[in-house]
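Worksheet: one structure, shown below.
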Amino acid sequence: MALKYYHAEPLANSLKSMIPLKEKGLDYESVYVDLHRFEQHSDWFVAINPEGQVPVLDHDGTIVTHTTVINEYLEDAFPDANPADGPLRPRDPAGAARMRYWNKFVDEQVMNHVSMHGWHRLIRVVTQSIEDDRFEELMSHVPLPDQRKKWRTARSGFSEADLANAKDKIVYALGKVDAQLAQTRWLAGDSYTLADINFYAHCGVMADRMFPDLQVNETYPNLVRWRDAMSARPAVQAALNSEDRTQPGLRTWSGDGRE
């Protein structure tokens with residue numbers, strides 16, 4: 001059965017669903033979508049995903065979007081393709097519930113706050129280099145109203161109040177995760193799961209470099225132990241070292257997980 005994975009640089013959402021593909025040893029065709037060239041809003045890509053967002057999984061013509069959905073789909077479609085230390089979604093109801101609790105926390109309480117800082121620092125640079133007329137033409141191809149608003153806000157810069165609030169949420173998340181990891185080896189318990197992949201992709205891999213003033217390495221020892229264990233996994237290394245066409249000056253913070 002053929003798998004095709006449309007993705008951008010190995011960070012955040014693109015990394016989040018690439019790691020399970022690598023962990024499960026699944027062969028797939030990699031299709032790089034250059035976000036800085038707005039390929040995600042091009043006609044050819046919107047024909048695949050009308051929302052104009054990466055990543056997208058194409059499994060023999062079945063199109064699956066949104067990373068949490070993609071990752072659970074992979075568990076359902078390939079239940080016997082698992083890393084040596086077990087399935088990425090626990091088979092027992094209690095374990096699966098714990099995994100989903102942490103996925104919900106990351107999706108709702110972490111992802112957008114980290115994303116805001118990333119867009120403020122990086123996407124602003126990209127958009128401010130575009131002439132007004134060209135920028136408006138590009139915005140006319142963005143399918144989702146909220147995404148158009150985010151692009152426009154990133155161009156002018158998010159407010160200091162919004163950035164401060166987002167950072168407070170990130171500090172709370174780091175403390176919450178560190179406290180959990182003081183009790184268990186992995187986020188959802190003693191087994192490595194999709195919840196670990198989710199937090200790692202969106203925050204854990206780069207929090208120390210993205211927010212140096214938070215002194216992550218000194219303040220959150222349990223998170224650092226977990227992060228290093230995550231980064232040492234061969235599948236995670238393979239994902240982090242996948243294709244990245246982003247200009248060096250605009251690359252985000254995934255590099256600190258690479259060997």
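Data overview
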{"quantity": "Odd one out for R98 among (1) touching a residue at least 40 places away in the same chain (Cβ under 8 Å); (2) open to solvent by less than 40 Å² (accessible area, probe 1.4 Å)", "calculated": "(2)"}
{"quantity": "Residue that is farthest from S140 (Cα to Cα) [pool: residues in region 1-55 that are free of Cβ contacts under 8 Å to residues at least 40 places away in the same chain and open to solvent by less than 20 Å² (accessible area, probe 1.4 Å)]", "calculated": "V33"}
{"quantity": "Total residues in region 56-86, condition farther than 16 Å from Y5 by Cβ and open to solvent by 40 Å² or more (accessible area, probe 1.4 Å)", "calculated": "6"}
{"quantity": "In region 1-57, residue farthest from the chain's Cα centre (by Cα) [restricted to those that are of a type in the set (D, E, K, R) and under 19 Å from N112 (Cβ atoms)]", "calculated": "E51"}
{"quantity": "K150 modelled with pLDDT under 95 and open to solvent by less than 70 Å² (accessible area, probe 1.4 Å)", "calculated": "yes"}
{"quantity": "Residues satisfying the stated conditions in region 207-235, i.e. open to solvent by less than 10 Å² (accessible area, probe 1.4 Å) and either closer than 20 Å to G118 by Cβ or out of contact with any helix residue (DSSP H, G or I) (no Cβ under 9 Å at 6 or more places or on another chain) (or both)", "calculated": "A207, M210, F211, V216, L223, M230"}
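The values are calculated or read from the model by the stated rules, or taken from the named source; none is laboratory data. None of these values were measured; they are calculated from a predicted model. We place every Cβ from the backbone using ideal geometry, glycine too, and count neighbours over all the protein chains shown. All accessible areas refer to the heavy atoms of the entire protein, side chains included, with ligands and DNA or RNA removed. Shrake-Rupley method; radii C 1.70, N 1.55, O 1.52, S 1.80 Å.
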